[in-house]
Amino acid sequence: MSGFRGDGRAALDWVAAYLERVGELPVASSVSPGDVRARLPASPPERAEPFEAVLRDLDDVILPGITHWNHPRFLGYFAISGSEPGILAELLIAALNVNAMLWSTSPAATELEELALDWLRELLGLPEGLHGHIEDTASTATIAALAAARELRPGGAVLTSEQANFSVAKAARLVGLECRFVPVDEEFRMSPDALAAEIDGATAVVATAGTTSTTSVDPILEIAELCGKAGAWLHVDAAYAGSAAVCEEFRWALNGAEHADSIVVNPHKWLFTPIDCSCVWTRRSDAFFRAFSATPEYMPESSGVTDLKDYSPALGRRFRGLKLWAVLRCYGRDGLQALIREHVRLAQLFASWIEETPGWEVVAPHPFSVVCFRRDGSDAENEALLTRVNASGEAFLTHTRLNGRLVLHLAVGNVRTTEDDVRRAWQALQAASS
């Protein structure tokens with residue numbers, strides 16, 4: 001390896017050029033299974049190759065096989081984006097290459113992670129005194145929360161909404177607990193009455209602020225009251241909608257979360273931090289410690305400081321706090337609020353176009369930046385419409401199923417998405433339906 005500065009400049013130039021032109025590329029990849037691998041050597045090179053060869057193959061082989069999540073018209077799932085401060089911070093994280101498993105293995109990594117979590121907690125209006133740390137994704141955060149809950153009440157069930165993310169059931173299975181689903185109301189929110197009938201003896205309840213299909217918000221305060229009476233752990237999955245709480249007008253989404261035993265918010269979803277970065281807070285750090293702490297001879301316990309390995313399933317820990325800190329600094333409260341509000345405005349604008357156009361319907365409440373809708377016709381016709389739009393390369397959307405019907409799902413969340421991008425997606429939908 002040689003020429004690090006020159007290769008670095010070339011890599012940074014590639015990244016800058018990619019971000020400048022990503023909106024001109026087809027959003028979804030059109031390669032067939034095996035195409036990418038078939039264009040690369042089956043065996044590793046015998047001799048060293050220059051880094052410029054990597055960049056060449058990145059353009060020629062890898063890029064055609066990329067579905068561009070950083071594209072301004074990637075409007076599927078929960079749209080995400082890596083902002084420039086976060087991308088640059090990832091470079092610094094890789095360069096420092098620390099393992100923040102113990103305070104002593106990199107004091108700054110531990111303390112910056114704790115600081116960044118405190119900053120974000122304050123921005124979201126969560127109470128002081130919570131222990132915070134970063135996991136890779138909300139799936140892992142849920143596993144950690146349920147493992148902590150099991151320390152306090154082993155053997156009970158995990159109760160969650162019919163609309164909860166499937167990762168809740170997966171997490172329950174991984175920690176050896178039964179998962180049971182609670183019915184929802186007409187707005188796809190967990191029913192407190194139905195929960196009350198099931199909660200006796202439960203180990204934990206997982207409430208959702210921003211469900212995957214519709215971004216509905218469960219009545220967290222009522223659920224918290226039921227959990228308090230039943231002695232069940234309350235975990236709030238606010239992976240998506242929690243970010244909206246940086247705006248005071250959306251802070252209602254976390255109403256009652258101050259009573260939760262744990263809560264997760266994903267800055268890599270709607271706070272412009274490159275994946276992966278999932279923030280977990282708990283008021284029961286003792287239960288997390290009981291679930292995950294271990295002190296082998298070669299890793300002595302620290303005194304008076306936090307060893308993050310003792311609160312998480314993972315031992316090795318990337319310096320994720322650095323990229324979250326960089327994004328929070330470089331956008332500030334005002335910048336984050338402006339982006340969140342703009343994304344909500346764009347989603348509401350899109351919903352208004354649907355509602356004004358004969359033959360289309362909005363099928364669920366849309367309080368944030370996600371709209372569920374469909375075209376008049378069968379499920380097969382709507383699925384074919386989605387396939388045509390995504391195959392066009394003009395936009396990328398996803399689907400879900402509500403009340404037994406297949407519906408289309410548009411999510412605004414990319415830092416680069418503009419009104420023109422949303423309009424182009426709507427035009428692509430209309431063209432594909434004609």
| query | When the convex hull of the Cα atoms of the stretch 304-409 is projected onto a plane and the area is averaged over all directions, what value comes out in nm²? | reply | 11.4 nm²
| Scattering from the C-alpha atoms of the stretch 286-353 alone, worked out with Debye: what is log10 I(q)/I(0) at q = 0.14, 0.17, 0.25 1/Å? | -0.69, -0.78, -1.07
| task | Please work out, to two decimal places, the log10 of the ratio I(q)/I(0) at q = 0.22 Å⁻¹ from a Debye calculation in which every Cα of the stretch 283-325 carries one identical scatterer. | result | -0.86
| task | Any chance you could tell me what percent of the C-alpha pair distances in the stretch 32-141 go past 17 Å? | result | 75 percent
| said: Suppose every Lys and Arg Cβ carries +1 and every Asp and Glu Cβ carries -1, with no other charges. What dipole size does the stretch 111-268 come out with about its Cα centre, to the nearest 20 debye? | reply: 520 debye
| field | the chain, Rg to Rh (Cα coordinates; Rh as Kirkwood inverse mean 1/r) | value | 0.98
| task | With a 1.4 Å probe and every protein chain kept in, tell me what percent of the accessible surface of the chain is carbon plus sulfur. | result | 52 percent
| Expressed in whole Å with the largest first, what are the equivalent ellipsoid semi-axes of the stretch 1-84 derived from the C-alpha gyration tensor as the square root of 5 times each eigenvalue? | 26, 20, 9
| query | Under a plain spin-label model, where a point goes 7 Å from the Cα along Cα-to-Cβ, how far apart in nm are Asn255 and Glu361? | reply | 2.9 nm
| query | Of Lys229/Lys309; Lys170/Lys323; Lys170/Lys269, which pairs sit farther than 25 Å apart, going by alpha carbon to alpha carbon? | reply | Lys229/Lys309; Lys170/Lys323
| Estimated inter-spin distance, Glu128 and Met299, nm [label 7 Å along Cα→Cβ] | 3.3 nm
| note | Residue-normalised value, i.e. accessible area per residue, for the chain at 1.4 Å probe, in Å², stands at 45 Å²
| task | Note down the magnitude of the dipole of the chain about its Cα centre, charges +1 on Lys and Arg C-beta and -1 on Asp and Glu C-beta and zero elsewhere, to the nearest 20 debye. | result | 520 debye
| note | Distance in Å, no decimals, from the C-alpha centre of the stretch 126-174 to the one of the stretch 221-239 is 12 Å
| task | Starting from the Cα gyration tensor of the stretch 178-218, multiply each eigenvalue by 5, take the square root, and state the resulting semi-axes largest first in whole Å. | result | 19, 11, 8
| Per-residue HN-Hα couplings for the stretch 116-128, Karplus 6.51 cos²θ - 1.76 cosθ + 1.60 at θ = phi - 60°, whole Hz, x for Gly and Pro? | 4, 5, 5, 4, 5, 4, 5, 4, 8, x, 7, x, 5
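The values are calculated or read from the model by the stated rules, or taken from the named source; none is laboratory data. Note that the coordinates shown come from a computational prediction; the quantities given were computed from them, not determined experimentally. All Cβ positions, glycine included, derive from the backbone under ideal geometry; neighbour counts span all protein chains shown. What goes into the accessible areas is simple: the full protein's heavy atoms, side chains included, and nothing from ligands, DNA or RNA. Shrake-Rupley method; radii C 1.70, N 1.55, O 1.52, S 1.80 Å.
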